[in-house]
1. Has the range 209-217 got at least one residue that is modelled with pLDDT of 85 or more and in a strand (DSSP E or B)?
2. For the range 503-510, does any single residue satisfy the condition of being of a type outside the set (Ser, Thr, Tyr) and in a loop (DSSP other than H, G, I, E, B)?
3. I need every pair where a residue in the range 48-64 that is among the aliphatic types (A, V, I, L, M) has its Cβ under 7 Å from the Cβ of a residue that is at pLDDT below 85 and in a strand (DSSP E or B), sequence separation at least 6 or different chains.
4. Take the conditions β-branched (Val, Ile, Thr), at pLDDT below 85 and assigned by TED's automatic domain parsing to the domain that holds Trp582 and apply them to Val719. Does it pass?
5. So if I check each of Pro449, Pro425, which one is assigned to a strand (DSSP E or B) and in contact with a Gly (Cβ under 8 Å, 6 or more places away or on another chain)?
6. Hey, does the range 476-490 have a residue that's touching a Ser or Thr at 6+ places or on another chain (Cβ under 7 Å), assigned by TED's automatic domain parsing to the domain that holds Asp332 and hydrophobic (A, V, I, L, M, F, W, C)?
7. Within the range 657-668, is there a residue that is under 23 Å from Phe286 (Cα atoms), in a loop (DSSP other than H, G, I, E, B) and out of contact with any Ser or Thr (no Cβ under 6 Å at 6 or more places or on another chain)?
8. Among the residues of the range 570-587, are any touching a Lys or Arg at 6+ places or on another chain (Cβ under 7 Å), modelled with pLDDT of 85 or more and not aliphatic (A, V, I, L, M)?
Amino acid sequence: MKINLLILFAFATSLLMAQNPEKKEVNIKGLILEEGTDYPLEYSTVSFINKQGKTVTGGITDTEGKYSIDVPAGVYTVKYEFISYKPKEVPNQNLNKNTTLPTVKLALDVASLDEVVVRAETTEVQVRLDKKIYNIGKDLTAGGATVSDALNNVPSVTVDVDGAIALRGNDNVRILINGKPSAIAGFGSTDALRQLPAEAIERVEVITSPSARYDAEGTAGILNIILKKEKTLGLNGSLSTSLGVPLNSNATGNINLRTDKFNIFNTTGVYYRNSPGNAFFDNRYFSRTVLDDDGNPVTTDPQFDQVIERRKYERMGKGFNTNLGIEYFLTDRSSVTASAFYRKGDGNDETTNNTFNYNDNTVEQQITRIENEGEDDETYQLSLNYVNEFNDNGHKLTADFQYENDTETETSFITERLIFPTIDPLPAEDIIQKEDQKEYLAQVDYVLPIGENAQFEAGYRGNFEESITDYTLFEEDGTTGNFIRNDRISNIFTYNENVHAFYSQYGNKLGKFSFLLGLRLENTQLKGKVDAENITGNTAFDLNFDKNYTGLFPTVNLTYELKENENITLGYNRRINRPRNWFINPFPSRSSEANVFQGNPDLDPAYASAFDLGYLKRWKKLTLTSSIYYQYETDAFERVQEETGEVTSNGIPVIRTIPINLSTNERYGFEFGLLYNPTKWLNLNGSFNYFLFKTEGFYNNVDYGAENTSYFGRFSSKVKLPAKIEWQTNAFYRGPSNNSQTESEGILSVDMAMSKDIINDNATLALNVRDLFNSRKRNSITTTDTFTSESEFQWRQRQVTLTFTYRFNQKKQRQRPERNGNGEDDGGFEG
């Protein structure tokens, strides 16, 4: 690794020297401010363009809006840029000696079609017609964290204790990487986000009113994670290492080499961590009345009236991931980017489940169940992107191809032992599950500016996904040590999801009024097949299905500028929620003998229509963002719990959780956020989201209708102390909630971090504590006619992490993304 780095350094140096072998370098300084407020525009771009129109070098401003850049002596046009501000060019600057250029003031670009910028120290917010963009690069609590942890600090987003990501309280959210579905985020599951370092993120786009260019998948909206890619000429990079308690160690490095002809970028990380957790279940069973063979009612009593489970999780995981790419500039306006992503993970988890069976408050039986689970997963992704910008006005063509493959092998060996009243071993289970997922993506997008403010877009995207799950269960014959394959449960389940999508949209700005109208056509094919040869003697499962759906998904996004720093927005979109493979796979999980999850092959997609009314007001030191939203969903998914009619080997009723289609789901809500910078040393950031949802529907003659109100809020403060020390505190609270069966208590968590710049500001040392009070636990109670289930679950205990980051040829905060002609970010391909 050291040798490769030295070679890369030498190669970069020789390239840069070859470009200007004779010219001496001079130092150019200056200051960039915001017009009207004289607010320093930190991390603005300064470019030096020669007479041939090529950018020779450039740089960015610091936190005070100042820049100091070494430039080969010569005559240049100096260009000043900052997102959503009108760029300025100063031509014919003869720079032959060290020079301080006059102060430049940039004005907000109010003529921009769909963009307004809001600033804060803990986050930067860009508000557009169809989304909000959060730059989380300055979040101290993200040091040593994962992508999943970082998302939990983004307004409107919540991450549950077991990793489920929700947007405005709705967990049907689509996760994209650089504008596309990606193996980096995982195939439908969000587990992969727990393996990636937060340092890899440039920004997060929260898209609550997606335009037609985006997938219609995800009734809650879309989270688009943009990964870092440096745009500064030369060689630069950083290295970040962290060590935490409980054991949480990782190292992440990124390196970038950019010349006039190509840009090579790489982010590589390794991790080794322990994530202890715990859970508690208290199930109480009641007598029930059933009909005998003659139709007469008979009252039956459960074998045990109370079952208590205490679980302890010990999760050890290690892994490696790397993302390597090269962007080659064919011309000044066109480029080809090829990239490869690889991830290798290895996990060893042990779950100890102590079960206490009661009658009349007396323990009659105690069983210890230990599950040792090994997980070996490997993912790789190959991507190819072509961009051609026909002119500076945004006329653009892009094409993408992507292939992904994810293989995962899980092995579980489950042993049980009767502890009381006697000590006896119970039959063990050996489970092997192999999953192979492949996905192809092909995409073309075309953007055509019309006049000064109008723009037309059109495109196609095809997603073709196949997952094959090979599940084999071996059960011990008594306690003999001989294992027999269970042909009733063992199976091979193949699931295909193919989506063809065409879209077009048109946007324009008429005075203070802007609009973006779009229409997307999607055809979806869902296919499932069970290999019958592997279910010997079991004819009850006829699971082969082939469903085809075609839908139109209109989108409308409107903006009216009340003043230069104040506007209102209105958005409408129609969305779809397709069932994922684990929601359809009907074979139950085996993590608990009495509490299982089982998929439902009869699930159909759910459809939702959503409206969003927003308001933005910006003062000199205070910014308010707010919105009111409404969503109406048909055939909404709901997880219900019911008795299966089966019992365990010791007579305990088996309770299953199964997803179903309910008739309707209505959701109302409002949210607001405040960014307040009263002084240069104090920055405050808060948001609040309140929602109400109403569900109606029946399943097996049971009414699962329910109404629920809930809310969540977060607050972040960042204080700059003397000696270049910064202190940040994040607090999050999610209020209590309920559905037709389950009531969940509120959850409070607090994160705290401190950092100090060292080694001439080229390095940062940070200490952060996640879940300071160890309070991030989900407590809930489920009530039915035949049982109640009270539970507590904590995925991960309080964690303390020390992080060291070193940067070379790179500022503390990365350069803001460059703008191209149509106001889009180069790093955030939107499709």
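1. Yes, the range 209-217 has at least one match.
2. no
3. The qualifying pairs are Ile49/Thr55; Ile60/Thr45.
4. The answer is no for Val719.
5. Just a single option satisfies the conditions, and that option is Pro449.
6. In the first step, residues of the range 476-490 are kept if they are touching a Ser or Thr at 6+ places or on another chain (Cβ under 7 Å); the result is 485, 487, 490.
Those still in the list that are assigned by TED's automatic domain parsing to the domain that holds Asp332 too: 485, 487, 490.
Subsequent filtering for residues that are hydrophobic (A, V, I, L, M, F, W, C) retains none.
Within the range 476-490, none of the residues are touching a Ser or Thr at 6+ places or on another chain (Cβ under 7 Å), assigned by TED's automatic domain parsing to the domain that holds Asp332 and hydrophobic (A, V, I, L, M, F, W, C).
7. Scanning the range 657-668, I find no residue that is under 23 Å from Phe286 (Cα atoms), in a loop (DSSP other than H, G, I, E, B) and out of contact with any Ser or Thr (no Cβ under 6 Å at 6 or more places or on another chain), so the answer is no.
8. In the first step, residues of the range 570-587 are kept if they are touching a Lys or Arg at 6+ places or on another chain (Cβ under 7 Å); the result is none.
Among the residues of the range 570-587, not one is touching a Lys or Arg at 6+ places or on another chain (Cβ under 7 Å), modelled with pLDDT of 85 or more and not aliphatic (A, V, I, L, M), which makes the answer no.
The values are calculated or read from the model by the stated rules, or taken from the named source; none is laboratory data. Since the structure is predicted, the reported quantities are computational estimates derived from the model, not experimental observations. Cβ atoms come from the backbone with ideal geometry, glycine included; neighbour counts cover every protein chain shown.
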